[in-house]
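Here's the structure, in structure tokens; my notes come after.
The values are calculated or read from the model by the stated rules, or taken from the named source; none is laboratory data. It should be emphasised that the depicted structure is a prediction, and the values quoted were computed from it without experimental measurement. Cβ: placed from backbone, ideal geometry, glycine included. Neighbour counts: every protein chain shown.
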Amino acid sequence: MTIAMKTGKADVVIQPLDEGRFAFAVDGLVRYVGSQVECERRAAILVTKNDRATQDQALLRWAALSG
């Protein structure tokens with residue numbers, strides 16, 4: 001199962017490689033190979049969101065990591 005999405009600037013694809021490994025590609029160039037969860041997390045970063053709750057969660061994560 002391949003997961004494809006379009007961001008404002010690029011095409012993002014998550015494609016299975018073998019058991020437990022997935023490739024995360026941006027505009028046809030593989031940028032990361034790892035678990036499906038990690039690939040989906042990276043894709044979520046690139047997808048444009050105008051969601052205040054998501055922005056608040058990102059801010060809290062940043063504050064927890066930098067403090």
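Taking the stretch 24-67, which residues are among the acidic types (Asp, Glu) and surrounded by 13 or more Cβ atoms within 10 Å (Cβ to Cβ)?
Glu38, Glu40
Cβ-Cβ below 9 Å, separation at least six or inter-chain, first residue in the stretch 8-28 and over 15 Å from Glu38 (Cα atoms) and free of Cβ contacts under 8 Å to residues at least 60 places away in the same chain, second in a loop (DSSP other than H, G, I, E, B) and acidic (Asp, Glu): which pairs?
Partner pairs satisfying both residue conditions: Lys9/Asp27; Ala10/Asp27; Asp11/Asp27.
I'd like the full set of residues that are modelled with pLDDT under 90 and among the small types (Gly, Ala, Ser), limited to the stretch 25-64.
Answer for the stretch 25-64, where residues must be modelled with pLDDT under 90 and among the small types (Gly, Ala, Ser): Gly28, Ala43, Ala44, Ala53, Ala58, Ala63, Ala64.
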